[in-house]
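Novice: What follows is a single structure, and I will ask about it in a moment.
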Amino acid sequence: MSQWIQLFALEFAVVAIAALVLLWDAFAPRTGRAVGWITALLLGGVLAASFFVDGSGAAPHGVFVRDAWVVFHERLFLAAGILGVLGSIDWLAMRTPKRQAEYYALLLFSLAGMMLLAGARDWILLVVCFELMSMPLYVLCAYGKQDGPASEPKLAAEAGLKLFVTGAASSGLTLFGLALVVGMTGTSHIGPIVTGGPVGSGPAPLTIVGMLFVLAGFGFKVGAVPFHMWVPDTYQGAPTPFVAFLSVAPKAAGLATLAIVLLGGWSASSSVWLPALLVIAGASMVVGNFFALPQTDARRLLGYSGIAQIGYALLAIATQSRGGLAMTLFFVATYVFTNLGVFFVLHAAAEEGGGHTLARIAGLSKRSPWLGGALLVFLLSLAGIPFVAGFWAKLFVFMEAWNAGLVTLVVLGVALAVVGLYYYLTVARSTYMADGDRSTPVRTGFALGAAIVVCLFFVVGLGLWPKPLVEAANHAAAGIVSGR
Amino acid sequence: MSSLQSWAALAVLVPLAAALLCVVLPPLRRAGKPAAALCILASLVATAASIYLLTQHEAGAVTRTEVPWIVLGGKALASIGVNVDGVSVVMLLVVCVVALCVQVFSLAYMHDETPSSYGRYFTLHALFLFSMNTLVVAPNLLQLFAGWELVGLTSYLLIGFWFHKPSAARASVKAFWMTKLADMGFVFALLALFVATRGFDWNARLSTETATLVTALLFLAVVGKSAQFPLHVWLPDAMEGPTPVSALLHAATMVAAGVFLIVRADPLFAQAPATCEVMLWVGSITALFAACLALVQSDIKKVLAYSTCSQLGYMVAALGAGSAFAGFFHLGTHAFFKALLFLGAGSVIHAVHSNELADMGGLRRKMPVTTLTFGIGALSLAGVPGLAGFFSKDFVLAQLEGKAGWIPWTMLMATSFLTAFYMGRVLIKAFGGAESAKAHHAHESGGAMLLPLVVLAVPALAAGFLGGVLAEWSGAEYHVHLGLTPVVASCLAIAGLLGAVMVFGRGRAAPFAGVLESLDRASAVDRTWSGLYRHVLLGVSAVAGFVDRYFVDGLINAVGYTTIESGARVRRLQTGRIHDYAMAVVVGALLIALWGVLR
Amino acid sequence: MNLTHCLLLASFLFCVGVYGLLTRRQAVAVLLALELMMNAANLAFVAFAHFRGGPGQLFVVFALAITVAEVAIGLALVMLLYRRHDDTALDRASETQG
Amino acid sequence: MTLLFVLALVVTAIAAVMVVAAKNLVRAVMALALMLLGTAVLYALLEAPFLAGVQVLTYVGGVVTLMIFGVMVTRRHEGANAPAERIHGFRGLVVAAGMFALLAWAVVASDLERGATPIVKPETTRSLATALLDDHLVAFEVVSLLLLAALIGAVVLARRRDGRDEGSAILAAASREAIDAQQAPAGSAHGGDAR
């Protein structure tokens, strides 16, 4: 039992915090910011503990393995969770003061699902964790928004419903595909596809269909084309502080799952999934970048930009090398901080400006120079300009992909990165150059401000000195792909 | 880290420190004057460091210190550090001196700005100096690229400094867009170089194909940054920024970064004769093309902008001819006299509150110092024998002798003539002749503006004599020889100036009144000149202007328009209906699976 | 009766579910269709477990729990939709687009 | 045996078609119940008696009730006869048919009966329970969390802002029932140990 506690110490802690928050709220309801701060601080404690607890090991029958890969992801998810909570504190306390505990509890449940997901080596556990991660997200999308402008509640319900219906459809696809794969291979362990036929005959058609259905299901979660259509609508409708979390953590978890399954389990059958993955990656880059161009709502724009970014990350996975996987991790980690930062700044601006359209955030830098500056840094990182974190992320991914011989996609990617630069600059320009119709200064709550500062610190810090994260990512990737 | 490298690092880090202080201490920045003082102090330190470096530098010595920066799989891929050699020491000095002069000049030039905007301006300048010095001392191409991008970014902010002017905002976006487009070449070049050598060193030995690929991609970046045909269109637009910014960025430093890159990566370019051939032609065409356009501009800054394009064309052509030193030499002298010209133009603009040549005239009596220094710069640019521009341009031309069937040589000779001609035009229109209405109230600028002019006039006069020393440091061959090229070039330069006097000096009390009068008596000569000007030169310029406006610029605008239009059209696919989204999921899965089993 | 028959039936159920998902306007009807898809997967699991062994039945236990959770959330969302739009036609929720 | 199988197969298939074809939503839910029962019979025939039982308990008892409830609540004005016109029915049909063609082809082409793998020893309820609490204890615990999260989520969504909890109690009860059903095998495992 003690071995279990050690193995799942961090996950236990996260669930315990959720329980604590719920109980506290049940017996002593609070309407202030205390619940959120306690959650954030306790999560911070868990993150700190992750540096002292050595929980490496494996659960019986190898359904769960804790190694550097898991530790990397746990820390990443915890960081995203803390920032997500910090970003939500002010908003929740203002908008739904009586319904805070459930929000945090659901967020923590989702977080626990993600953390477990990274170590799952068994299909059953993986599917269950995936759902534990997803279910709370469906709810949080439609959370709260009763007292905003008239259209907001409708949009939030719509956002939740869109995520749910497409998500449930993908779950159905995944489950059916898994039935085929697990049935054909006879084991629920995530491992090589044993063909059973004569040597060299490759997987049976049914297995192939199953594998690709599973791939499609995961494609939904990371928001890759053509399973991406929920992304912009959900980003636009759901509460912005939550979208910040939604836009990074589940995607990181989805990419981690893809890596576990494709590179860890099915690496020998890459001839089956690689072409599909490359098409999905290329399509995501193209669609994401081109659809982002005409957007006038900043959140929709970022939704499409996220689709494009996922295309780059998938490109790195498609290299099938340890270096490529490490660069996926680096890319995802920088993306987490960058995108959280962008959404937080937008949220801060929108709370005071009444909307997320580019016209509403115009002139932001005059209303709040530091928010404007932070937004510029985040946008530059998304666009991939040195010396911010996103530059290395893009460069590394392209380098590894080129090395792996995916030259066509690299050329496409770099060309599209220029298109990306255009719309990121459009946002930056509207904050800097255009005159907004408002001149009131933007006041940012302490928690939200702190979250933005942390994101800024990482984006700039990793831009100047990417070495520690690169090494950590390399170390982590070794758990999935051995060799170079 | 030896003391030399510490000095170089100092030149990089002190401006950064000043910029950071201004950024993190908003009260300092908003106060304006203190921020300016701090930034100028930083530039002063950097200049002092670069001068000290120059005095301590031993010819041919290359020393570098590097710290691992990016580690991949336990192996350092790239490093940051400083590289001290003949090229970087000289370039550092040029950049620092010009930046310092420009900043001092700006003290007076920008005094109408609000304090916070004043502070922001100098913060950006300090940031720019840091970026440029990062680029200059870079020990590998990756750091060079980092500096390159930072320079691009700061320039974007500086061009758009008056962002409340829509034209300035548009120009800054255009400049950024164009140079970014070209920077893709740099990214690809880095990728290709990395794949070939697992590193970013410019001394790498490559196969001819790889070298050609890498250098061609690098050259694409240079075409954008150094405003070579056909990506030159952003440079004239960029004149929307404050004039000292133009002096710093669009004359002396930023646009020269492209040329500097080629000089730096010379070992790579030396392995790729095909790229050099292209460079030779692109440079020559740019030089001639831009000179034709410079001829017909009515805005003094635009004349100088096109002239910059043209001179950069000289440098690129020299590099294409295989002489890194000739390009670098011209880069150095050009930096001084072009910065001088821009600052002089700034002084004039400040006095008459207009960019238009038509609003000037007769300023020589009102602004004697400006006239004198601007005149030195103009004559230097025109290539009058004895001045800095003459030596470097002559050396460039000498390198081109016999290359590619003398055609580039001829084109650049023609450009020499045109250069002298349009500079003569500017001189006469701005300073000669009768006073215009606006010029009537003009008065000489203050000391803060004149001092940089005088300081810069010295190297514009004399830097040419340093060619030998410079060559020795860079380990290149340099000797002035009295052959065909210098004679023809001198004659053409003088002919161009005289031609300008003939065409533009008539009817006005020109500075060369005596010469003019004697020549004017032969009115046939005059008519010939005027006719040549009106029918031939203006005709050529009109064609060039047409190509520029409708073809090059139009093509680029069309690309941008199409991109946005296609985005707007496809977005109808996102219908908003859940059923369609579910359909996409199912059909996507179906197609992927279908393809999977059919393959 | 053999594995092929069972899987053909499962595939049929799955595709009927897909058809319902893609065409029904009523949100509840779409939920029903999703149930069909899940059930099809379960049937395939059980059939594989019977004819080939493996952890199919175990998987179904978990899949059932997931399905129930999904229905609970789905119905709650449908009720939310109904409350906001006074209708449960799924295509009412199509304000964000483009 | 075979007859029963064919019967269950046909009933299940027809019921499934009715689920998506019925205009009346209540009728569609009833068809779903029938389909689920048919599947339960198939489970029993495929030697999965425990799953058959759970299917009847959770689905027919829980899910179908929940669905009926959902139909009733959201259709209180117009009754159960909702306008059931389809959204591009033809396209949906083509996609679904294409999907079936692909799957059916894959099933047939995989030649599943070749080499006729012997029918392995069926999983008994007991072995199932052991696997659940031994190999997959982690997943089991995660599922409890999942159901708890779903419960909280459903309550959060269904609760009205003015405090009138409409239906959340029923949703909660249904979810709880689901938890009970899911924990049934756990109980039987303990029972098994006791024996």
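Novice: Pairs of alpha-carbon atoms within less than 8 angstrom and 6+ residues apart define the contacts here; what relative contact order does chain C have, in percent?
Specialist: 27 percent
Novice: If you average over every viewing direction, what projected area does the convex hull of the Cα atoms of segment B:282-409 give, in nm²?
Specialist: Over all viewing directions, segment B:282-409 projects a mean Cα-hull area of 7.5 nm².
Novice: Okay, next question. Would you mind checking which residues have amide H under 5 Å from A:Arg66's amide H? H placed 1.01 Å from N; only 5 or more apart, or other chain.
Specialist: Amide H neighbours of A:Arg66, under 5 Å, 5+ apart: A:Gly57, A:Ala58, A:Ala59.
Novice: On to the next question. List, in order, the whole-Hz ³J(HN,Hα) value for each residue of segment A:376-390 obtained from phi through the Karplus relation with A = 6.51, B = -1.76, C = 1.60 and θ = phi - 60°; use x for Gly and Pro.
Specialist: 4, 4, 5, 5, 5, 5, 4, 6, x, 9, x, 8, 10, 3, x
Novice: Once label points are set 7 Å from the Cα along Cα→Cβ at both B:Thr114 and B:Glu435, what is their separation, rounded to one decimal in nm?
Specialist: Spacing of the two 7 Å Cα→Cβ label points: 3.6 nm.
Novice: In Å and whole numbers, how far do the C-alpha atoms of the protein assembly as shown stretch along each principal axis, longest first?
Specialist: 124, 66, 59
Novice: Could the peptides C:31-44, A:404-417, A:321-334, B:288-301 be put in order, highest first, of the mean number of other beta-carbon atoms found within 10 Å of their residues?
Specialist: Going from most to least packed, we get C:31-44, A:321-334, B:288-301, A:404-417.
Novice: Take the alpha carbon gyration tensor of segment C:3-88, find the square roots of its eigenvalues, order them as a ≥ b ≥ c, and report rounded if a/c is under 1.5; if not, report prolate when a/b exceeds b/c, else oblate.
Specialist: Working: a/c = 6.80, a/b = 1.94, b/c = 3.50.
Oblate, since a/c reaches 1.5 and b/c is not below a/b.
Novice: Next up: What average number of partner chain Cβ atoms lie no more than 10 Å from the Cβ of the residues making up A:180-193?
Specialist: What the average comes to for A:180-193 is 5.
Novice: Starting from the alpha-carbon convex hull of segment A:15-62, give the projected area averaged over all orientations, in nm². Spell out each step's value before the answer.
Specialist: Working: hull surface 18.5 nm².
With the hull built on Cα positions only, its mean projection is 4.6 nm².
Novice: OK, next. Of all alpha-carbon pairs in segment C:40-98, indicate the percentage at a distance above 13 angstrom.
Specialist: 69 percent
Novice: Additional query: Using each residue's phi in segment B:316-328, evaluate 6.51 cos²θ - 1.76 cosθ + 1.60 at θ = phi - 60° and report the 3J(HN,Hα) Karplus result to the nearest Hz, with x for Gly and Pro.
Specialist: Per-residue couplings from phi come out as 5, 4, 4, 5, x, 6, x, 10, 4, 5, 4, x, 5 Hz.
Novice: Return the FRET efficiency for the residue pair B:Arg572, D:Val94: r is the Cβ-Cβ distance, R0 is 35 Å, and the value is rounded to the nearest 0.05.
Specialist: Computed FRET efficiency for B:Arg572 and D:Val94 comes out at 0.95.
Novice: Between 0 and 90 degrees, rounded to the nearest ten: what's the tilt of helix A:249-258 against the longest Cα principal axis of chain A?
Specialist: 10 degrees
Novice: By how many nm would the segment from A:Phe12 to A:Trp465 grow when fully extended, if each residue of separation counts as 0.36 nm and the alpha-carbon distance is taken off?
Specialist: Full extension of this stretch gives 159.7 nm more.
Novice: Given H placed 1.01 Å from N in the peptide plane, which residues other than close sequence neighbours of A:Thr357 have an amide H under 5 Å from its amide H?
Specialist: For A:Thr357, the qualifying residues are A:Ala298.
Novice: Here is a follow-up. Can you give me the Cα centroid spacing of segment A:289-336 and segment B:252-284 in angstrom?
Specialist: Each part reduced to its Cα centre gives a spacing of 34 Å.
Novice: For segment D:1-77, just the Cα atoms, rotate onto the principal axes and tell me the three extents in Å, largest first.
Specialist: Result, largest extent first: 47, 24, 11 Å.
Novice: Counting only other chains, and only Cβ atoms inside 10 Å, what mean value do you get across the residues of A:322-330?
Specialist: That works out to 1 on average.
Novice: Next question, about the same structure. At 10 °C and a viscosity of 1.306 mPa s, what translational diffusion coefficient does Stokes-Einstein give for chain A, taking Rh as the Kirkwood radius over Cα pairs? Give it in µm²/s as a whole number.
Specialist: 71 µm²/s
Novice: For the protein assembly as shown, give the magnitude of the charge dipole about the Cα centre (Cβ charges: +1 Lys/Arg, -1 Asp/Glu; no others), in debye to the nearest 20.
Specialist: Dipole magnitude for the protein assembly as shown comes out near 1880 debye.
Novice: Quick one: 3J(HN,Hα) in Hz for segment A:19-27, Karplus 6.51/-1.76/1.60 with θ = phi - 60°, rounded, Gly and Pro as x.
Specialist: Whole-Hz 3J(HN,Hα) from phi for segment A:19-27: 4, 4, 4, 5, 5, 4, 5, 5, 8.
Novice: Amide H to amide H under 5 Å from B:Gly81: which residues, 5+ apart in sequence or cross-chain, H placed 1.01 Å off N in plane?
Specialist: For B:Gly81, whose amide H was placed from the backbone, the distant partners under 5 Å are B:Val67.
Novice: How many partner chain Cβ atoms sit within 10 Å of a residue's Cβ in peptide A:233-241, on average, as a whole number?
Specialist: Taking all residues of A:233-241 together, the mean is 2.
Novice: On to the next question. Under the classification rounded if a/c is under 1.5, otherwise prolate if a/b is larger than b/c and oblate if not, where does segment A:203-359 fall, given a ≥ b ≥ c as square roots of the Cα gyration tensor eigenvalues?
Specialist: prolate
Novice: Under a plain spin-label model, where a point goes 7 Å from the Cα along Cα-to-Cβ, how far apart in nm are B:Val67 and A:Gln3?
Specialist: According to this spin-label approximation, the distance is 4.6 nm.
Novice: Average projected area of the Cα convex hull of segment A:332-472, in nm²? Don't skip to the end; give the middle numbers.
Specialist: Numbers: hull surface 34.4 nm².
If I average the Cα hull's projected area over directions, I get 8.6 nm².
Novice: Additional query: Starting from the exponent 0.38 and prefactor 2.2 Å, build the expected Rg for segment B:205-272 from its residue count and divide its actual Cα Rg by it.
Specialist: Compactness ratio reported: 1.29.
None of the figures in this text is laboratory data; all of them are computed from the coordinates on show. Since the model is a prediction, treat every value here as computed from it, not as a measurement. When we count neighbours, we look across all protein chains shown, and the Cβ atoms used for this are built from the backbone with ideal geometry, even at glycine.
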